[in-house]
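S.K.: Take this structure first; my questions come after.
The values are calculated or read from the model by the stated rules, or taken from the named source; none is laboratory data. Note that the coordinates shown come from a computational prediction; the quantities given were computed from them, not determined experimentally. Counting neighbours? That spans all protein chains shown, and the Cβs are built from the backbone with ideal geometry, glycine included. Quick note on the areas: whole protein, heavy atoms, side chains included, nothing else; ligands and nucleic acids left out. Shrake-Rupley method; radii C 1.70, N 1.55, O 1.52, S 1.80 Å.
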Amino acid sequence: ARFRVLRGQISLSLFFNENGRVTVESMNDIIEVDPAPRKVQVLTAIGRRINNLIVPAPKDKDGNPVRFNWRVTFRVGQYMNKVILIKE
């Protein structure tokens, strides 16, 4: 279960429902992992960490809850065998 993220960047397309629950719609990645077969494990861990997060419900200018998609890019690193995401 040990791996090292050598370097990487991941771009996520996220969907927020009216209650603020987050769903990962898609992932584009440029990640180098050692050993290479662990890359899928790293991407799964990232997706699991973000899926079902609850953030303050997005609202329009009148204060009504809305659904929307959001795209964000992270640098991916590692600290003590844990994947860390640094927003870019």
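S.K.: Residues of segment 44-59 being within 14 Å of the chain's Cα centre (by Cα) and without any contact (Cβ under 8 Å) to a residue 24 or more places away in the chain, which ones? Let's see the steps before the verdict.
M.R.: Narrowing segment 44-59 to residues within 14 Å of the chain's Cα centre (by Cα): 44-55.
Of everything in segment 44-59, those that are within 14 Å of the chain's Cα centre (by Cα) and without any contact (Cβ under 8 Å) to a residue 24 or more places away in the chain turn out to be THR44, GLY47, ARG48.
S.K.: Right, something else. Can you find even one residue in segment 39-46 that is in contact with a Ser or Thr (Cβ under 8 Å, 6 or more places away or on another chain) and at pLDDT 85 or above?
M.R.: Taking segment 39-46 as the starting set, the residues that turn out to be in contact with a Ser or Thr (Cβ under 8 Å, 6 or more places away or on another chain) are none.
For segment 39-46, residues in contact with a Ser or Thr (Cβ under 8 Å, 6 or more places away or on another chain) and at pLDDT 85 or above: absent.
S.K.: Hey, ASN51 hits all of (1) open to solvent by less than 40 Å² (accessible area, probe 1.4 Å); (2) at pLDDT 85 or above; (3) of a type outside the set (A, V, I, L, M, F, W, C) but one; which does it fall short on?
M.R.: (1)
S.K.: What are the residues in segment 1-45 that are of a type in the set (A, V, I, L, M), under 30 Å from PRO58 (Cβ atoms) and open to solvent by 70 Å² or more (accessible area, probe 1.4 Å), if any? If you could, list the steps in order and put the result at the bottom.
M.R.: Of segment 1-45, the ones of a type in the set (A, V, I, L, M) are 1, 5-6, 10, 12, 14, 22, 24, 27, 30-31, 33, 36, 40, 42-43, 45.
Within this subset, residues satisfying the condition of being under 30 Å from PRO58 (Cβ atoms) are 10, 12, 14, 22, 24, 27, 30-31, 42-43, 45.
Across segment 1-45, the qualifying residue is only ILE30.
S.K.: Here's a follow-up. Suppose we filter segment 28-42 for residues that are in contact (Cβ under 8 Å) with a residue 24 or more places away in the chain and out of contact with any helix residue (DSSP H, G or I) (no Cβ under 9 Å at 6 or more places or on another chain); how many remain?
M.R.: Summing the residues that are in contact (Cβ under 8 Å) with a residue 24 or more places away in the chain and out of contact with any helix residue (DSSP H, G or I) (no Cβ under 9 Å at 6 or more places or on another chain) in segment 28-42 gives 5.
S.K.: Look at segment 1-56 and say how many of its residues are in contact with a Gly (Cβ under 7 Å, 6 or more places away or on another chain) and of a type in the set (D, E, K, R).
M.R.: 2
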